[in-house]
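> Would you mind keeping the following structure in view while I ask a few things?
The values are calculated or read from the model by the stated rules, or taken from the named source; none is laboratory data. Just so it is clear, the structure is predicted and the values come from calculations on it, not from any experiment. When we count neighbours, we look across all protein chains shown, and the Cβ atoms used for this are built from the backbone with ideal geometry, even at glycine. Ligands, DNA and RNA are stripped out before the accessible areas are found, and what is left, the full protein with its side chains, is counted by its heavy atoms. Shrake-Rupley method; radii C 1.70, N 1.55, O 1.52, S 1.80 Å.
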Amino acid sequence: MATFFWQGNEACAYGAMAAGARFFAGYPISPSSEIAELCSRLLPEREGIYVQMEDEIASLAAVIGASVGGMRAFTATSGPGFSLMQENLGFAVMAEVPCVIIHAQRFGPATGIATAPAQADVMQARWGTHGDYQMLVLSPSSVQECYDLTVAAFNLAERFRSPVILLTDAALAHLRETVTVSDTPPPRHCRPQPEGDSALYRPYAPGPDLIPAMAAFGDCYIQRVTGLVHDEQGYSSSAPAVAAGLVRRLQEKILLYQDELPSPVYTGPEEPEILLVSYGISVRAAQAAAQRAQAWGHRVGCLRLRALWPFPEAVIGDWARRVRAVLVVEMNYGQLRREVELAVAGRCRVSGVNRYDAEVVTSGEILAALTKS
Amino acid sequence: MYWQVVLSGNGGHGLGLAGELLARAAGLQRGLYAVQTQSYGARARGGCSQSTVIISSQEILYPFVEQPDLLLALSQRGYERNYPLMRGGLVVYDQEAVRVGTRGGQAVEYKGYNLLRAAREIGDEIFVSVLSLGIITALTGKIGPEDMEEILRERISGPRQEQNLAAYHQGLATGKV
């Protein structure tokens, strides 16, 4: 075991190295810039490649290219850059290219406040690119989790042949905390490789768990990469059956195995009366508020979401049967609260503690909301 | 112990580094937890810059300062933003940059120095943060000077190391007076 005193951004960069990432292409942007800066040093030291691109469109394009070439590749950005990446994000979904996008959220819309935190891109992460698809989105709430969930993000990307988004924010990105790192490298999940006669390789034929084997450019298998609707050979098609089959598989390859994602973590009394649901940096205020409320004799628990998408609907639904009220703590006008309401389906009361003034939510605000619940 | 520190001033004062040094020096002590944050505007020089540190004998759930016990104020804005949050503790401020006309709670102690001028005399205004760390360690006794020196040597290399150590020692001497 080794301990480090890292910033959230640093923990993401070191997590990527531990996960075996050897290609970064990006365009530095506050508050994610330290990731690019650190990678420009760490990658050449590891015979990896760092490319500073002309913009974020090109950044994700280069990452997709590197991944198709067989590398574990990633980028880091913030709101304006993430907006530019949406088109290629959809391409990575369609062509089933494993890659990781670290998105340190800042206050928006538009240029917003470049160095101030928000959690307002939760829906953009889910629905930002067009079409019918699932997105894998993780949300760390400590610097330790920045490291751990970055490692998890790379493995999930390979496991599901999908882009994975790690959502942090300006406050977590610039927070320094102690991180413990195991001496043994983390387990690595690798994309399924094709076997046998190269003439028979069908790059989009579903293998086990609906995931097609993925050849790398340059090996003996012909890998067709396209954003068009395609058949199992990778040839474009407009046949309704092909389109429906592809969309269904892209959905189900993730939805059927959703339980492989990091599950929500509950802390608090066994039989809580009120449940705080939170994610990212807001969790820290929620946990502090729950602890204070417990000290005063109130049964308040905290559910920390580590994967936001696909949304852990079943877990929330179960909790809704056991508590009197759910409070969703987030730094936006109420994005995930609607999702919680859908999962709760009227079984208990749902309200929000929302902060959207570029400051981190405090435990005092949550306690004030608790007294009204 | 639950000690909340705010280092506030302008971009270019080296406050991010100073906060990191303070937290890491505390982390060298057995059984202490430390976290550090930094926030700043979009400019590399100038504009508000602030770094906060919490040092605690228990695990830190909420890593942001709510009620500072110590405020380093190198700019008027940094002072104005933070002194209303204080219920006690110590304000260390630059006498030229900050006018403490309105003061925090009665239990708050004030110590003014010519911090920025002293840093310029060492060679660069950026030394002001490490010089201030010397004063803070001397005044509060919360961090061992040897721990701070160890972290300074580890974190800062090259010709700037000696200048920073000199700034730190000057701060220590000033704080002890």
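> Given the criteria crowded, with 22+ Cβ neighbours inside 10 Å and not in a loop (DSSP other than H, G, I, E, B), does residue A:243 qualify?
No.
> Since residue A:71 meets every condition but one in (1) touching a strand residue (DSSP E or B) at 6+ places or on another chain (Cβ under 8 Å); (2) farther than 30 Å from residue A:206 by Cβ; (3) open to solvent by 50 Å² or more (accessible area, probe 1.4 Å), which condition does it not meet?
(2)
> How many residues, within region B:30-83, are at the interface with another protein chain (Cβ under 9 Å from one of its Cβ atoms), assigned to a loop (DSSP other than H, G, I, E, B) and open to solvent by less than 10 Å² (accessible area, probe 1.4 Å)?
Total satisfying the criteria: 1.
> Among the listed residues A:304, A:292, identify the single one that is part of a strand (DSSP E or B), open to solvent by 10 Å² or more (accessible area, probe 1.4 Å) and in contact (Cβ under 8 Å) with a residue 24 or more places away in the chain.
A:304
> Same structure again: Can you tell me which residue is farthest from the other protein chains (Cβ to nearest Cβ) among those in region A:336-350 that are open to solvent by less than 40 Å² (accessible area, probe 1.4 Å) and in contact with a Lys or Arg (Cβ under 9 Å, 6 or more places away or on another chain)?
Ranking the qualifying residues of region A:336-350, first place goes to A:348.
> Run residue A:169 past the list (1) open to solvent by less than 10 Å² (accessible area, probe 1.4 Å); (2) of a type in the set (Asp, Glu); (3) away from chain B (no Cβ under 14 Å) and report the number of the one that doesn't hold.
It fails just one condition, (3).
> While we're looking at this one, here's another question. Residue B:24 fails exactly one of the following numbered conditions: (1) open to solvent by 50 Å² or more (accessible area, probe 1.4 Å); (2) within 11 Å of another protein chain (Cβ to nearest Cβ); (3) farther than 20 Å from residue B:68 by Cα. What is the number of that condition?
The number of the failed condition is (3).
> Within the bounds of region A:217-238, is there any residue that is touching a residue at least 12 places away in the same chain (Cβ under 8 Å), within 24 Å of residue A:142 (Cα to Cα) and in a loop (DSSP other than H, G, I, E, B)?
Within region A:217-238, none of the residues are touching a residue at least 12 places away in the same chain (Cβ under 8 Å), within 24 Å of residue A:142 (Cα to Cα) and in a loop (DSSP other than H, G, I, E, B).
> Give the residues of region B:146-160 that are open to solvent by less than 50 Å² (accessible area, probe 1.4 Å) and acidic (Asp, Glu), sorted by residue number.
B:147, B:149 - these are the residues of region B:146-160 that are open to solvent by less than 50 Å² (accessible area, probe 1.4 Å) and acidic (Asp, Glu).
> If residue B:103 satisfies every condition in (1) more than 12 Å from every other protein chain (Cβ to nearest Cβ); (2) closer than 30 Å to residue A:29 by Cα but one, which is the exception?
Answer for residue B:103: the failing condition is (2).
> Right, something else. Checking residue A:127 against (1) within 14 Å of another protein chain (Cβ to nearest Cβ); (2) open to solvent by 10 Å² or more (accessible area, probe 1.4 Å): exactly one of these is not met. Which one?
Going through the list (1) within 14 Å of another protein chain (Cβ to nearest Cβ); (2) open to solvent by 10 Å² or more (accessible area, probe 1.4 Å), residue A:127 breaks only (1).
Here is a yes/no grid of residues against (1) in a helix (DSSP H, G or I); (2) basic (Lys, Arg):
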site	(1), (2)
A:329	no, no
A:337	yes, yes
A:342	yes, no
A:350	no, no
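> Kindly list the number of the only condition in (1) over 13 Å from residue B:9 (Cβ atoms); (2) in a loop (DSSP other than H, G, I, E, B); (3) touching a Phe, Trp or Tyr at 6+ places or on another chain (Cβ under 6 Å) that fails for residue B:157.
It is condition (3) that residue B:157 fails.
> Got a number for residues in region A:35-66 being open to solvent by less than 20 Å² (accessible area, probe 1.4 Å) and touching a Lys or Arg at 6+ places or on another chain (Cβ under 9 Å)?
Qualifying residue count, region A:35-66: 3.
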